[in-house]
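The values are calculated or read from the model by the stated rules, or taken from the named source; none is laboratory data. These numbers come from a predicted model, not from an experiment. So basically every Cβ, Gly included, is an ideal-geometry build from the backbone, and we count neighbours across all protein chains shown.
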Amino acid sequence: MKIKNIFFILIPFLMISNKGHGTFSMVALDLKTNEAASILATCFISKEDVKIADFVVVHSNGNGIMNRQSDINLFSKIWLATSFALMSQEDEIYSAKVINTFLAKPFNDPNFPVRQFATVKKYKPSGSSAHVYTGIHVYPESNSITGVAFENRFTYAIAGNLLKNKDTLKKIESKFKEANGSLSDKMISAFESVPDDISYGDKRCIENYNLSSNKAFLRTFHNENLIINIEVFSDNNKTDATYLLSEKYHESKD
């Protein structure tokens, strides 16, 4: 694959100790406002003060956004630079599926069987695409959904692994489509609906704490600018992380 006009940015080698990340997440584009957003909830076992969004989100100059999940360790500097470069391309050939498939090639990432990538991508003049790659050795409790909403204004990809109930993602999609407001409003509404059913969410948190998740974040970009950056952790495992995230989000709007 030939990549045009690329400036490679070398990112420090990434490693966090909480290796296996069962998560449910969503990435989405608003083609009307040129916003891109990532939201994720997980069951975080470690007590380390780690901003997991730094290890999960790939965003480049407003053209697209990706969540990396399942095993998010041992990405090389070359892989990271290539992912940013591909996401910055504007030609239609650089679709979400093409990007995910290329990044999951064995010569790019020897750990491709344990990766999960959810990607949405814009291309000129006004198109978009969505795709989820799930490696063959990702947890069997995995699922993914892609789609568009509101006359193609929104493009989204929803992905999960270690799900207690795979219908978790259908609930997120349904609530996202029903909710009003901005892209971020809709994503928050979708995720705070997950704990309404105790079978929805991360299998580990459901079985250990009766929560869908204990850690969550929302990042929203306008073009290349980060405009929302919220991350929460339920220290006592008493309050669902999706509720904490919603609370912090609405406080930030007041």
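So here's what we get for this one:
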quantity	calculated
Some residue of the range 27-40 being in contact with a strand residue (DSSP E or B) (Cβ under 6 Å, 6 or more places away or on another chain), under 22 Å from Val232 (Cα atoms) and at pLDDT below 95	no
Only listed residue being surrounded by fewer than 16 Cβ atoms within 10 Å (Cβ to Cβ) and not in a loop (DSSP other than H, G, I, E, B), chosen from Ile99, Ile158, Ile78	Ile78
Hits in the range 175-202 - residues which are under 17 Å from the mean Cα position of the chain (by Cα), closer than 22 Å to Lys32 by Cα and of a type in the set (Gly, Ala, Ser)	Ser184, Ser189, Ala190
Single match in Thr146, Thr239 (criterion: hydroxyl-bearing (Ser, Thr, Tyr) and in a strand (DSSP E or B))	Thr146
For Cys205: the one exception among (1) within 24 Å of Val132 (Cβ to Cβ); (2) within 16 Å of the chain's Cα centre (by Cα)	(2)
Filter result (more than 16 Å from Ala159 (Cα to Cα) and acidic (Asp, Glu)) within the range 193-232	Asp196, Asp197, Glu207, Glu224, Glu231
Boolean, Tyr249 is under 27 Å from Arg153 (Cα atoms) and either part of a loop (DSSP other than H, G, I, E, B) or among the hydroxyl-bearing types (Ser, Thr, Tyr) (or both)	yes
Criterion: over 22 Å from Lys121 (Cα atoms), touching a helix residue (DSSP H, G or I) at 6+ places or on another chain (Cβ under 7 Å) and not in a loop (DSSP other than H, G, I, E, B) - qualifying residue of Ala216, Ala190	Ala216
The listed residue being touching a helix residue (DSSP H, G or I) at 6+ places or on another chain (Cβ under 9 Å) and either loosely packed, with under 15 Cβ neighbours inside 10 Å or farther than 17 Å from Leu29 by Cβ (or both), out of Asp91, Asp109	Asp109
Filtered residues of the range 206-254 (kept if without any contact (Cβ under 8 Å) to a residue 40 or more places away in the chain, surrounded by fewer than 20 Cβ atoms within 10 Å (Cβ to Cβ) and among the polar types (S, T, N, Q))	Asn210, Asn225, Asn236, Asn237, Thr239, Ser252
